1. Calculate one ³J(HN,Hα) per residue across region 48-61 by plugging θ = phi - 60° into the Karplus curve 6.51 cos²θ - 1.76 cosθ + 1.60, and present them in order as whole Hz with x for glycine and proline.
2. How much of the pair distance distribution for region 101-153 lies past 14 Å, counting alpha-carbon pairs only, in percent?
3. Going Cα to Cα from LYS50, which lysines come in below 26 Å? Please leave out same-chain ones fewer than 8 positions away.
4. Could you pull out every residue, at least 5 positions away or on a different chain, whose amide H is within less than 5 Å of the one on ARG2? Hs are placed 1.01 Å off N in the peptide plane, and Pro or chain starts have none.
5. Using the alpha-carbon centroid of each, what span in Å lies between region 122-171 and region 40-64?
6. May I ask for the net charge around ASP151, where only other residues with Cβ less than 13 Å from the Cβ of ASP151 are counted and Lys, Arg are +1 while Asp, Glu are -1?
7. Binned at 5 Å from 0, what are the whole-percent values of the Cα-Cα distance distribution for the chain, short to long?
8. How about LYS190: which aspartates and glutamates have a C-alpha closer than 14 Å to its C-alpha, ignoring those fewer than 8 places off in the same chain?
Amino acid sequence: MRLIVLGPPGAGKGTQAQRLVVNHGLVQLSTGDMLRAAVAAQTPVGIEAKAIMETGKLVPDSVVTGIISDRLDDDDIKGGFILDGFPRTLKQADALERLLAEKAMPLDGVIILEVDDDALVERVAGRFTCASCGTGYHDTFKPTKTDGVCDVCGSAEFKRRADDNAETMRTRLQAYYKDTAPLVGYYYAKGKLKSVDGMAGIDAVGAEIDALLADMKG
Ligand code: AP5
Ligand code: MG
């Protein structure tokens with residue numbers, strides 16, 4: 001399966017992508033995670049992206065499209081992937097279309113997670129991840145089973161994102177509605193769009209996505 005998961009910041013794209021990795025063996029391609037890794041490694045791309053990401057604006061199309069283009073050449077994605085946070089502009093969507101056509105890897109579907117803005121702010125404010133294995137959690141909606149210990153790897157180190165504050169979140173939401181929301185119509189017109197109620201709990205959203213995947217496989 002080759003999928004895109006679309007949705008505003010905090011909608012649950014990463015959470016559901018991680019679930020698809022575990023349950024369906026897909027590879028998660030998150031441009032946000034790739035950019036954060038580049039920032040941490042202080043690569044030229046990371047140095048350019050750091051200041052932009054801290055304001056909540058979008059990194060230039062050419063930078064993220066270049067990253068995805070390279071990643072699509074890797075062997076591990078041949079069994080299927082889920083794009084999380086890419087494409088995010090119409091230019092990126094057109095570039096992806098060309099890349100996938102060149103590589104004869106057509107998309108199976110685009111899942112849009114529909115979540116109210118108030119819930120997005122709450123989700124982002126409570127988010128934290130394991131510093132060791134990257135598993136995502138939430139103070140209220142997905143706490144660790146044992147306080148202060150990662151369920152998956154047992155690490156006691158956690159981190160919060162620099163862009164998860166109220167001011168940056170406003171800019172991220174503006175960028176979403178201005179630049180990314182038009183992709184909903186773009187993929188609807190191609191007959192690829194599947195809408196999911198992202199206001200439900202994490203497992204209920206996952207079950208709805210599983211049902212869509214079963215339908216796509218026919
Ligand atoms: P990116 O990392 O992609 O961030 P984002 O789109 O803002 O989305 P998030 O990662 O914040 O949210 P999510 O939907 O993954 O939610 P999550 O599953 O964590 O991008 C960051 C920045 O990088 C951008 O601002 C931009 O600068 C740059 N960038 C990245 N890609 C780019 C591109 N293609 N072009 C240009 N620039 C790019 O869930 C959130 C929280 O809610 C978690 O704590 C989770 O546990 C909880 N939760 C999840 N689902 C539920 C549920 N159903 N019920 C209750 N809680 C839930
Ligand atoms: Mg994410």
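1. Values per residue, Gly and Pro as x: 5, 6, 3, 5, 5, 5, 5, 8, x, 7, 8, 6, x, 3 Hz.
2. Details: 906 of 1378 pairs.
Within region 101-153, distances greater than 14 Å cover 66 percent of Cα pairs.
3. Excluding near neighbours in sequence, the set is LYS13, LYS91, LYS159, LYS178.
4. PHE81, ASP108, GLY109
5. About 22 Å separates the Cα centre of region 122-171 from the one of region 40-64.
6. Details: positive: LYS142, LYS145; negative: ASP147.
That works out to +1.
7. Binned Cα distances yield the sequence 1, 6, 14, 19, 21, 19, 12, 5, 1, 0.
8. Of all the aspartates and glutamates, those that pass the test against LYS190 - Cα under 14 Å, at least 8 places apart if same chain - are ASP94, GLU97, ASP108.
Rule-based calculations on the coordinates, nothing more; no lab input. Because the structure is a prediction, the values reported are computed rather than measured. Every residue, glycine among them, receives a Cβ derived from its backbone with ideal geometry; neighbour counts consider all protein chains shown.
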